[in-house]
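Read the figures in this text as sums done on the coordinates, not as results from a lab. Keep in mind it's a predicted model, so treat the numbers as computed, not measured. Ideal geometry is used to build each Cβ from the backbone, glycine not excepted, and the neighbour counts take in all protein chains shown.
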Amino acid sequence: MAAEKNQHILLTSRPKGMPTMDNFKFEDIAIPEPKNGQVLLKTLYLSVDPYMRGRMNDTKSYVPPFELNKAISGGVVAEVVQSRSSELEEGDLVIGNLDWALYSVAEDAQVRKIDPDLAPITTNLGILGMPGLTAYFGLLDIGNPQQGETVVVSGAAGAVGSAVGQIAKIKGARVVGIAGSEEKISYLKNELGFDAVVNYREAGNIRKALKEACPDGVDVYFDNVGGEISDAALSLLNQNARIPLCGQISLYNLEKADHGPRIQGQLLINSALMKGFIVSNYASHFEEGAKQLGQWLQEGKLKYEENIVEGFDNTIDAFLGLFKGENLGKQLVKVSELSR
Ligand SMILES: NC(=O)c1ccc[n+]([C@@H]2O[C@H](COP(=O)([O-])OP(=O)(O)OC[C@H]3O[C@@H](n4cnc5c(N)ncnc54)[C@H](OP(=O)(O)O)[C@@H]3O)[C@@H](O)[C@H]2O)c1
């Protein structure tokens with residue numbers, strides 16, 4: 001490779017509370033040389049995701065913590081710019097879990113080829129990728145929404161939440177979304193056809209506002225945020241309610257543990273099911289899920305938004321923006337243009 005520069009982003013210290021720029025470092029590095037069976041990849045788009053905040057802590061979880069002074073890694077769509085693999089050729093587009101870097105090398109088996117003619121390539125990181133599949137499996141397998149039931153989703157205007165609400169509508173449910181700005185509220189109601197919406201930042205008494213939005217109680221609560229919003233939703237459960245426990249973003253930057261009401265009583269008297277899940281639990285069914293999501297997309301039953309920040313230099317800002325509600329839909333960073 002000629003004179004292009006390479007850079008990656010390191011985690012240099014573990015954040016306490018909300019991460020700051022001081023926890024990260026942009027470092028200039030050489031463009032790596034692919035070995036036999038490897039490809040050199042140019043990052044086109046990278047995904048910033050709330051779960052990455054958990055990986056910045058040194059605690060046991062379903063994925064190991066990011067190592068200090070090593071590149072952060074996550075979902076990336078990239079272009080093969082040099083190939084020493086028999087499986088991939090120059091110009092192929094791929095998705096994989098790759099370093100936050102301008103260029104990286106990967107084994108061919110570490111990435112999956114994507115077809116840019118099927119859907120815009122960014123959808124592989126959003127509605128047809130990890131967040132879309134999270135919504136699909138969490139809602140349908142655990143939430144199992146039925147015609148006429150009330151489905152409440154928090155984080156409703158985000159990547160996962162906006163898909164959850166639309167899939168619940170496809171299944172004939174009455175959908176109530178909770179989000180944090182008037183722009184998001186208007187999008188959910190006017191663009192996505194949610195039946196009722198609550199702006200938790202403006203509502204004052206969130207429990208009262210949610211009760212008004214759910215006159216028949218809550219049959220499914222898809223929990224993306226935790227905290228007081230979820231306390232309110234859980235106080236309105238119907239008999240045999242289901243609660244897919246997907247995320248707890250309101251807690252990720254807390255320095256002290258947050259203790260809410262003890263909810264076991266609510267679950268008990270309502271014969272309710274609360275089940276945590278990680279999207280990778282469903283890995284063996286991803287193909288089937290992506291196919292169905294793709295079909296709904298083509299039929300116009302599913303819409304999506306992307307919030308695309310331009311420039312690798314803005315990656316950390318884009319990541320931190322997730323915790324300030326700056327994104328409508330999937331938050332991505334556009335790193336480079338396609339070569340061809
Ligand atoms: N279980 C799994 O396998 C899995 C997979 C993917 C994602 N997740 C989880 O699902 C949730 C949504 O992820 P996503 O990728 O779709 O992100 P996202 O919803 O696109 O972005 C995060 C959104 O969370 C909301 N938020 C941030 N801080 C908040 C707070 N303190 N209280 C309430 N809302 C807050 C913001 O929207 P507002 O403006 O509305 O506040 C923000 O836009 C996250 O908790 C994530 O960890 C789980």
Practice task
Using only the alpha carbons, work out the radius of gyration and Dmax of segment 138-212 in angstrom.
Solution key: 11.5, 33
Fill in the blank from the handout: So the FRET efficiency between E33 and E182, C-beta based with R0 = 41 Å and rounded to 0.05, is 0.20
Handout entry: Viscosity 1.002 mPa s, 20 °C: Kirkwood-radius Stokes-Einstein D of segment 25-77 over Cα pairs, µm²/s
Key = 159
Exercise for the section: Quick one: P(r) of segment 64-203 from all Cα-Cα pairs, 5 Å bins, percents rounded to integers, in order of increasing distance. Expected result: 2, 9, 16, 15, 14, 12, 12, 10, 7, 3, 1, 0
Practice task
Determine the dipole magnitude for segment 166-267: charges of +1 sit on the beta-carbon of Lys and Arg, -1 on that of Asp and Glu, nothing else is charged, the reference point is the Cα centre, and the result goes in debye to the nearest 20.
Solution key: 240
Problem - Cβ-Cβ FRET estimate between I278 and L251, R0 fixed at 25 Å, reported to 0.05 - result: 0.90
Practice task
Find the percent of Cα-Cα distances in segment 3-96 that exceed 19 Å, and round it to a whole number.
Solution key: 51
Problem - Ranked I170, I127, I72, I269, criterion: other C-beta atoms within 10 Å, fewest first - result: I269, I170, I72, I127
Exercise for the section: Please state the charge dipole magnitude for segment 1-147, taken about the Cα centre, from unit charges on C-beta atoms (+1 on K and R, -1 on D and E), reported in debye and rounded to the nearest 20. Expected result: 640
Practice task
Could you give me the radius of gyration and the Dmax of segment 51-147, taking only the C-alpha atoms into account and expressing both in angstrom?
Solution key: 16.3, 52
Completion exercise
Placing each pseudo-label 7 Å from Cα in the direction of the beta carbon, R112 and E191 end up separated by a distance in nanometres of 2.6
Fill in the blank from the handout: Treating only Lys and Arg (+1) and Asp and Glu (-1) as charged, each at its beta carbon, one finds that segment 262-340 has a dipole about its Cα centre, in Debye to the nearest 20, of 400
Handout entry: Under the Debye formula (equal points on every Cα, no solvent term), log10 I(q)/I(0) of segment 277-340 at q = 0.16 Å⁻¹
Key = -0.82
Exercise for the section: Can you pull the one-decimal nm distance between simple spin-label points at N314 and T12, each 7 Å off the Cα toward Cβ? Expected result: 2.3
Practice task
Using only the Cα atoms of the chain, each taken as one equal point scatterer with no solvent, compute I(q) by the Debye sum, divide by I(0), and report log10 of the ratio at q = 0.09 Å⁻¹.
Solution key: -0.50
Exercise for the section: Go through segment 6-49 and name the trypsin sites (Lys or Arg not before Pro) that are in a DSSP coil and have 11 or fewer other Cβ atoms within 10 Å of their Cβ. Expected result: K16, K35
Exercise for the section: Let me know the Rg and Dmax you get for segment 217-286 when you use only its Cα atoms, in Å. Expected result: 13.1, 37
Handout entry: Of G177, G75, G321, the one that fluctuates the most in a GNM where the chain has Cα springs shorter than 10 Å
Key = G321
Problem - For segment 218-340, alpha-carbon Rg over 2.2 N^0.38 Å - result: 1.35
Handout entry: In segment 273-340, the GluC sites (Glu not before Pro) that fall in loop regions by DSSP, at most 10 other Cβ within 10 Å
Key = E299, E337
Handout entry: Net charge over other residues, Cβ less than 14 angstrom from the Cβ of S162 (K, R count +1; D, E count -1)
Key = +2
